[in-house]
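K.L.:
Dumping the structure here so I can ask a few things about it.
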Amino acid sequence: MAAGSLIGRIALVTGSASGIGRSVCQLFAKQGATVVAVDVQEKANMETLASLLPGNNHCALTADISKPASVNELFEKIKDSFSAAPTVVVNSAGIIRDNLLVRATEENFDEVIAVNLKGTYLVTQAAAKMMLSEKVDCGSIVNVSSIVGKGGNIGQCNYAASKAGVIGLTKSASKELSRFNIRVNAVLPGFINTPMTDWVPEKVLQGIMKLIPMRKLGQPEDIAEACLFLASKNSAYITGACLEVTGGLNI
Ligand code: NAP
């Protein structure tokens, strides 16, 4: 990727306080974007902000993307702070509440759907409205789904359903928004080394590793690079796509 491929772009990244979202913010800042880092975790999000290559008026905003009022407030703040709409959005905020189907609770299901699917929907909708009202000439929304949304996984019925929903949302939104110069794509990570996977016991990790043709977990930077490609003009003719970044894992 040519250096500076996001110069002049405002990039909103959710889930920016940790893991993949933080890595996306760091890479996008290096590529010249003005980063709007959004997360529920205020303190950790300030640490992300402090880690960004300075000089582009980056900011960190606290919001709960599962709550419409919080998303509205977020976009009001963005309107007040910037003279233009974000033309890059990466929806990386997500949670897991894993359990076997027969043990999982309705509350677990509702929480996961609220953040992973409804939150992605709310941010995508608000960002699309802002981009449409400003008639942008190169918008790009990147939704972080999961390979589990395609193939399912034991203990992750709620999560897999939410991530499959994100794929449907991505494909539908891409069909609606393409003619307005807004592309919408998804990245489907495999197993990535972040706080989200920290809890996985070593024995289980070894089992997972055997299923991955490249025999290693991915790093947040691997996903950030895929997001950068989809955010930049290098992917100008790609929309409605699901880019698998899994080390070859195809569950
Ligand atoms: P992570 O390290 O846990 O980071 C996710 C961030 O999103 C956390 O700071 C989290 O805060 C925040 N968040 C949660 N709910 C939120 C809300 N309602 N509003 C705003 N922010 C919220 O996870 P990650 O591994 O980077 O995952 C990033 C994305 O990649 C997720 O969508 C995940 O499903 C997806 N993914 C990850 C993997 C993997 O192996 N790591 C694989 C496939 C897909 P809290 O700490 O408070 O929850």
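K.L.:
Tilt of helix 68-81 relative to the longest C-alpha principal axis of the chain, in degrees (0 to 90, nearest 10)?
P.N.:
Helix 68-81 sits at roughly 40 degrees to that axis.
K.L.:
In addition: About the Cα centre of the range 57-115, what is the dipole size in debye to 20, counting +1 per Lys and Arg Cβ and -1 per Asp and Glu Cβ, all else neutral?
P.N.:
Numbers: 5 positive and 9 negative charges, 40 e Å.
Once rounded to the nearest 20, the dipole reads 200 debye.
K.L.:
Once you mark the trypsin sites (Lys or Arg not before Pro) that are in a DSSP loop and have at most 13 other Cβ atoms within 10 Å, what is the longest gap between them in the chain?
P.N.:
Values: sites that count: Arg103, Lys135, Arg215, Lys216.
It runs 1-102.
K.L.:
Separate question: Which listed residue (Cys59, Ala37, Ser178) has the Cα farthest towards the positive end of the charge dipole for the chain, taking +1 on Lys and Arg C-beta and -1 on Asp and Glu C-beta about the Cα centre?
P.N.:
Projecting each Cα onto the dipole axis, the largest value belongs to Ser178.
K.L.:
A follow-up question, please. Please work out how much length the chain gains when fully extended from Lys210 to Asn153, using 0.36 nm per residue of separation minus the C-alpha to C-alpha distance, in nm with one decimal. The partial results should precede the final answer.
P.N.:
Working: separation 57, 0.36 × 57 = 20.52 nm, distance 1.55 nm.
Between Lys210 and Asn153, full extension yields 19.0 nm more.
K.L.:
Let me ask something else about it. For the chain, with all protein chains present and a 1.4 Å probe, just round the carbon and sulfur fraction of the accessible area to a whole percent.
P.N.:
Values: 6570 of 11810 Å².
The C+S portion of the solvent-accessible surface of the chain is 56 percent.
K.L.:
Ignoring everything except DSSP H segments at least 4 long, calculate the 222 nm mean residue ellipticity for the chain; use -39,500 (n - 2.57) per segment, divide by total residues, nearest 500.
P.N.:
Working: 9 runs with 104 residues, N = 251.
It lands at -12500 deg cm²/dmol.
K.L.:
Turning to a different aspect of this structure: Which whole-number percent is the relative contact order of the chain (Cα, under 8 Å, 6+ apart)?
P.N.:
Contact order relative to length: 20 percent.
K.L.:
Using 0.36 nm per residue, how much length does the chain from Ala84 to Val102 gain when fully extended, once their Cα-Cα distance is taken away? The partial results should precede the final answer.
P.N.:
Details: separation 18, 0.36 × 18 = 6.48 nm, distance 4.80 nm.
So the chain would gain 1.7 nm between Ala84 and Val102.
K.L.:
Set Lys and Arg Cβ to +1 and Asp and Glu Cβ to -1, take the dipole of the chain about its Cα centre, and tell me which of Met214, Asn99, Asn153 lies farthest positive.
P.N.:
Most positive-ward Cα: Met214.
K.L.:
Pairs to check: Lys135/Lys171; Lys67/Lys163; Lys43/Lys163; Lys118/Lys233. Give those whose C-alpha atoms are more than 23 Å from each other in this structure.
P.N.:
Values: Lys135/Lys171 21 Å; Lys67/Lys163 18 Å; Lys43/Lys163 27 Å; Lys118/Lys233 28 Å.
From the list (Lys135/Lys171; Lys67/Lys163; Lys43/Lys163; Lys118/Lys233), the Cα-Cα distance tops 23 Å for Lys43/Lys163; Lys118/Lys233.
K.L.:
If you line up the long axis of helix 157-177 against the longest principal axis of the chain, both from Cα atoms, how many degrees apart are they, to the nearest 10?
P.N.:
Roughly 30 degrees between the two axes.
K.L.:
Expressed as an acute angle from 0 to 90° and rounded to the nearest 10, what is the orientation of the C-alpha long axis of helix 19-30 relative to the principal long axis of the chain?
P.N.:
Once rounded, one gets 30 degrees.
K.L.:
Given a 10 angstrom Cα cut-off, can you work out which residue in Phe191, Phe28, Phe82 is the most mobile in a GNM of the chain?
P.N.:
Phe82
K.L.:
With +1 on the Cβ of every Lys and Arg and -1 on the Cβ of every Asp and Glu, and nothing else charged, how large is the dipole of the range 10-244 about its Cα centre, in debye rounded to the nearest 20? Could you put the intermediate results ahead of the total?
P.N.:
Numbers: 22 positive and 21 negative charges, 135 e Å.
It works out to roughly 640 debye.
K.L.:
Using a 1.4 angstrom probe, figure out how much accessible area the chain has per residue, in square angstrom, rounded to the nearest whole. If you can, show how the numbers build up before the last one.
P.N.:
On the way: 11810 Å² over 251 residues.
So the chain comes to 47 Å² accessible per residue, rounded to a whole number.
The values are calculated or read from the model by the stated rules, or taken from the named source; none is laboratory data. The structure presented is a predicted model; accordingly, all values stated were derived computationally and were not measured. Don't worry about glycine lacking a Cβ; one is built from the backbone with ideal geometry, like all the others, and counts go over all protein chains shown. SASA here: full protein model, heavy atoms, side chains in, ligands and nucleic acids out. Shrake-Rupley method; radii C 1.70, N 1.55, O 1.52, S 1.80 Å.
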